[in-house]
Amino acid sequence: MDSDRSPVSLRVNGHTVEVPADGRSLLDVLREDLGLTGAKDGCSPQGQCGCCTVLVDGAPRVACVTPVRRVQGREITTVEGLDADVAADWAQAFCAVGASQCGFCTPGIVMRLEGQHPTECAPALLGHLCRCTGWQTIGEAWELRSAAQTASKAGRDLAKASARATIEGGVGQMIDPSIVLGGGGGFAADTAPAGALRAVSDGAGNWVVATTLAEARRVAAKTQGRRTTLPPGWPLEIPEGDWLVRLQTTWVEPAYLETDASWCLPGGEPSSPVGNGGAFGAKALSGPTRSPVMEAARHLADLHGVPVLASLSREDSVRLGPKRPPVAAGVDANGNGLFRVVATPGIVAAIASVAPGLTIEQVVVPGPPTSAAIRGAGWVEAAVLMAAATALRRSHVRGDSVTVRAPNGAEASAVFDQTAGSIVVEVSCGDPLDIVMLRSYCIGAAHMAYSWVTSESLAVDPAGQPNDLTIRSFGIVRAIDMPNVEVSVRNDTTTPINGSDAVFAAVAAAVWLEAGLVPRWPTSDKISS
Ligand code: FES
Ligand code: FES
């Protein structure tokens, strides 16, 4: 706590403001006191996701680890304070190439690129995370903007782009320039009524309420999460057998950027924590893995008789949120095999939908909650295993593509050429509706698959508690380490269906083949910060 309690004076978007010297971060002050919600909170106070990036005297800085007293007298520019033409150019550039999906990470990235004027985009993104786009289209938006090209909207219907995004993301999702600039995404933490009380989990099943987020965290005695020294573990084993191919996966963190938040008026219904997609099935609105923030917001608003915004810290979202169930599986030369999976409602049907010949065993292990709703859970692992076995039986050689047919009928083929640093993808998923957005989702799926197979893990201790609690702990592949992804879409006029999940599976299989079918994922050391 500051010893000098005189107010802090700073310039924000051209206006002088005075705020209390109460030890809060610049991010908290911008969002809570000034109502500037363009800078997002994806991991505060970890300072690792970049979502809260603003300009301080013109230079990009993460606001969540910047105490407001440190910027006394400085000039702060948030995404809302960008020159209108500059902002419009960025928004058009991002929309033109599909560089923003859920949009939660996007305003921070715009501020980084605008403030840093990099000569290369990927290195400039080292301080940022995007879980949706797979980075490549962000580089394309930067190139478009750097070349001062006018982002053409000709022939583009953003309603169709939003429809394609909704199919791919599995929840209502809007594609719009306003989301690039930090508004319109419907994120609960942005739309809560001014002055709503803040509620945070104390990690022991209780909620603490205060007038500011910082105060609630202080009372809840929240300490910042750490990256563990615990190595990843593989909770399931496959017995010895005449296996042609074996696969063991570990725990992985969905790591959606918008942590769970919900607000509620007294006597009202809580808002959804799924703002504009981006969680790929990992944020549950109902069922056993339902996000706890909705019930907390409702209960606390009724209890206190005022609006309450309940939110999870990054650490709590890792501790409490559902994970993809780990598997251990083997398939023999005849295509028969055994598939063990961490017990999860609905997972057996998902696996059987693509591999009816496998014997499926559910196993109860200590660990975080699991969900079959997470992107392709179960069926993707089974499809990858079967595709690998088929490839081996056909004497697959480098450069051959691997094809996966998803349970919904979508089909995708992929080739990964490690030497060339390229992933080539072809997808068939009905009427594309909007090629730009479909391509963006396919690139994002390719990144998620590549990252999962080669790099990602979440350390879980013997008692079943996740130990990696920072967003940089999970090994998400960075922009500078991501192969180039080339996407082609097969001509199709049938009903549009999700295609990126098939791409996710096909790329996972192609990357695994290129990695020599090493039985344990991740196949190499984590690539993270
Ligand atoms: S919220 Fe500041 S870096 Fe993540
Ligand atoms: S668009 Fe980047 S996290 Fe969703």
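No value in this document is a laboratory result; all are computed from the given coordinates. Note that this is a predicted model, so its numbers are computed, not measured. Positions of Cβ are generated from backbone atoms using ideal geometry, with glycine treated the same way; all protein chains shown enter the neighbour counts.
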Which loop-located trypsin sites (Lys or Arg not before Pro) does region 166-259 contain, where loop means any DSSP state but H, G, I, E or B and the Cβ has at most 14 other Cβ atoms within 10 Å? 226
May I ask you to evaluate 6.51 cos²θ - 1.76 cosθ + 1.60, the Karplus curve with θ = phi - 60°, for each residue of region 378-385 and list the ³J(HN,Hα) values in order in whole Hz, giving x for glycine and proline? x, 5, 5, 4, 5, 5, 5, 4
Once both axes come from the Cα atoms, what is the angle between helix 435-454 and the longest principal axis of the chain, in degrees from 0 to 90, rounded to 10? 70
Check: in the chain the Lys pairs 8 or more apart or on separate chains whose Cα atoms fall under 27 Å apart number 11
Place a point 7 Å from the Cα of residue 295 along the Cα-to-Cβ direction; which residues of region 187-213 have their backbone N under 19 Å from it? 199-209
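Can you pull out the GluC sites (Glu not before Pro) in region 50-138 that DSSP calls coil and that have at most 16 other Cβ atoms within 10 Å? Intermediate values should be presented prior to the final figure.
Numbers: sites: 75, 80, 114, 120; in loops: 120.
For GluC sites (Glu not before Pro) across region 50-138 that sit outside H, G, I, E and B with at most 16 neighbouring Cβ atoms in 10 Å, the list reads 120.
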For region 201-209, just list the computed ³J(HN,Hα) in residue order, Karplus coefficients 6.51, -1.76 and 1.60, θ = phi - 60°, integers in Hz, with x standing in for Gly and Pro. 6, 8, x, 10, x, 10, 10, 10, 10
Multiply the residue separation of residue 417 and residue 15 by 0.36 nm, subtract the distance between their alpha-carbon atoms, and state the gained length in nm to one decimal. 139.5 nm
5 Å is the cut-off here: which amide hydrogens, built 1.01 Å from N in the peptide plane, fall below it relative to residue 342, excluding neighbours closer than 5 in sequence? 363
By how many nm would the segment from residue 242 to residue 488 grow when fully extended, if each residue of separation counts as 0.36 nm and the alpha-carbon distance is taken off? 84.8 nm
For residue 210 and residue 120, calculate 0.36 nm times their separation in residues minus their Cα-Cα distance, and state this gained length in nm to one decimal. 28.1 nm
One checks the Cα atoms of the chain and finds Rg and Dmax, in Å, of 22.9, 76
Can you list the residues of region 191-205 with backbone N under 14 Å from a point 7 Å past the Cα of residue 465, pointing along Cα to Cβ? 202-205
What's the Kirkwood radius of region 327-514 in Å, using all Cα pairs? 17.3
On the Cα set of region 82-186, report Rg and Dmax in Å, please. 12.9, 36
Could you run the Karplus curve 6.51 cos²θ - 1.76 cosθ + 1.60 with θ = phi - 60° over region 285-298 and give me ³J(HN,Hα) per residue in whole Hz, x for Gly and Pro? 9, 8, x, x, 9, 4, 4, x, 5, 5, 5, 5, 4, 5
